[in-house]
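Here the structure is laid out as structure tokens; the discussion comes afterwards.
The values are calculated or read from the model by the stated rules, or taken from the named source; none is laboratory data. Since we're looking at a predicted model, the values are computed, not measured. Note: ideal-geometry Cβ built from the backbone for every residue, glycine included; neighbour counts use all protein chains shown. Keep in mind that these areas ignore ligands, DNA and RNA; they rest on the heavy atoms of the full protein, side chains included. Shrake-Rupley method; radii C 1.70, N 1.55, O 1.52, S 1.80 Å.
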Amino acid sequence: MIEQNPRKALLLATAAWTQLHGLTQAYQAAVMRGDQRGAEAIRQQAHALLDSNLDLNAEAATITRAMLGG
């Protein structure tokens, strides 16, 4: 858990989303080059980042709910 600070969790979630966006460009380039192995490796990284983004957003929401007494 991110030290009961929803801002930090949201900042990390935004960083993961930004990195995911960059990987999208790399993935498209690998597909255009016909680099199936490279594309698959990027795809796996992207899935991990998306999972991280979702987890961090959920954590921020949970912390916020607790702070509001819910």
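Give me the residue from the stretch 1-59 that is among the aliphatic types (A, V, I, L, M) and outside any helix (DSSP H, G or I) and, out of that set, least open to solvent (accessible area, probe 1.4 Å). Show your work before the answer.
Of the stretch 1-59, the ones among the aliphatic types (A, V, I, L, M) are 1-2, 9-13, 15-16, 20, 23, 26, 29-32, 39, 41-42, 46, 48-50, 54, 56, 58.
Filter again for outside any helix (DSSP H, G or I), leaving 1-2.
Working: MET1: 154, ILE2: 30 Å².
Among residues in the stretch 1-59 that are among the aliphatic types (A, V, I, L, M) and outside any helix (DSSP H, G or I), the one least open to solvent (accessible area, probe 1.4 Å) is ILE2.
Can you run down the residue pairs with Cβ atoms below 8 Å, 6 or more apart or on separate chains, where the first is in the stretch 48-70 and farther than 19 Å from LEU20 by Cβ and the partner is modelled with pLDDT under 95 and among the polar types (S, T, N, Q)?
That search, which allows pairs on different chains as well, returns ILE63/GLN4; ILE63/ASN5; ALA66/GLN4; MET67/GLN4.
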